[in-house]
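The values are calculated or read from the model by the stated rules, or taken from the named source; none is laboratory data. Just so it is clear, the structure is predicted and the values come from calculations on it, not from any experiment. Reconstructed Cβ throughout: ideal geometry from the backbone, glycine too, with neighbour counts over all protein chains shown.
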Amino acid sequence: MTGTVPPSAYTMRPNPYVIPAGAELWRVHSAQRPAAQFNPVSVDAHFGGNRFDGTSYDPYAYLYLATDPATALAETLLRSLDFDVESGMRLIPYAAVRGKSLSPLRARVDLPLISLITEEDLAAVCQDSWLLEADGDRYAKTRRWASEIRAQAPGAWGLVWQSRRHRPRLASVLFEDRCVAGGGDALDMGGPGGIPELGSPSGVAELNRLLAPLRAAVVPPWPR
């Protein structure tokens, strides 16, 4: 599927997926903002932004999550990052983690989502892996597709899919307007285990431990 046909041309039959109340979820976010705060910034419909962000045409606030800390880090830090030939590692610039936190959250209630995990799930919304593999300037179309899925599944609070950077773990996005309509705050702060400052020496050390199996590491500005 190349995204050449408008999604509104299709009648979708989305497959449901429920994250149960009490489930632990993880997020990388600015250390200056609460971990459970949704991003209220609508991106341009055609330029910039991420895969399923809200736009000026469908201005929902959004929050990206993962099922475990390594997946949250990989989804945020390993985008379009090549392996270094000399070290065989994916070297993450220190600027990418400065001022960021890794936090656990907990679902306060069941979170009803649309599943994009399997090929059957993608076919249910008249799509294939293109929806999850498209990058860069093609995000304009993936955002449009997310908007149409929202329109055809008004009871869904978000989407869930298999992480491209840490398969087969799961990543998800929540829509704030749906969570509020469903009863208010969907997330609470989780238990221990987060990294309040990813850019601190202890934060870099723990981050590098979590990403070591993925052959990725932050290069700190201090002597090692």
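Residue check: is Gly99 surrounded by 17 or more Cβ atoms within 10 Å (Cβ to Cβ) and either closer than 23 Å to Ala23 by Cα or at pLDDT 95 or above (or both)?
no
Across region 32-64, which residue is surrounded by the fewest Cβ atoms within 10 Å (Cβ to Cβ) among those that are farther than 22 Å from Glu133 by Cβ and of a type in the set (Phe, Trp, Tyr)?
Going through the qualifying residues, I end up with Tyr57.
Take region 16-72 and flag every residue that is of a type in the set (D, E, K, R) and in a loop (DSSP other than H, G, I, E, B).
If the condition is that a residue be of a type in the set (D, E, K, R) and in a loop (DSSP other than H, G, I, E, B), then Arg33, Asp44, Arg51, Asp53, Asp68 are the ones that fit.
So in region 110-130, with the set limited to residues that are in contact with a Phe, Trp or Tyr (Cβ under 9 Å, 6 or more places away or on another chain) and not in a loop (DSSP other than H, G, I, E, B), which one is surrounded by the fewest Cβ atoms within 10 Å (Cβ to Cβ)?
Pro112
From the set of residues in region 192-216 that are under 13 Å from Ala95 (Cα atoms), over 19 Å from the mean Cα position of the chain (by Cα) and touching a residue at least 24 places away in the same chain (Cβ under 8 Å), which is surrounded by the most Cβ atoms within 10 Å (Cβ to Cβ)?
Ranking the candidates gives Val204 first.
Among (1) surrounded by fewer than 21 Cβ atoms within 10 Å (Cβ to Cβ); (2) under 19 Å from the mean Cα position of the chain (by Cα); (3) in a strand (DSSP E or B), where does Ser80 come up short?
The single condition Ser80 does not satisfy is (3).
Scan region 65-79 and report the pairs whose first residue is within 15 Å of Met89 (Cβ to Cβ) and whose second residue is in a loop (DSSP other than H, G, I, E, B), with Cβ atoms within less than 6 Å and a gap of 6+ or a chain change.
If the second residue must be in a loop (DSSP other than H, G, I, E, B), the pairs left are Ala74/Arg165; Ala74/His166; Leu78/Arg165.
From Arg106, Arg51, which residue is within 26 Å of Leu207 (Cα to Cα) and within 14 Å of the chain's Cα centre (by Cα)?
Among Arg106, Arg51, only Arg51 is within 26 Å of Leu207 (Cα to Cα) and within 14 Å of the chain's Cα centre (by Cα).
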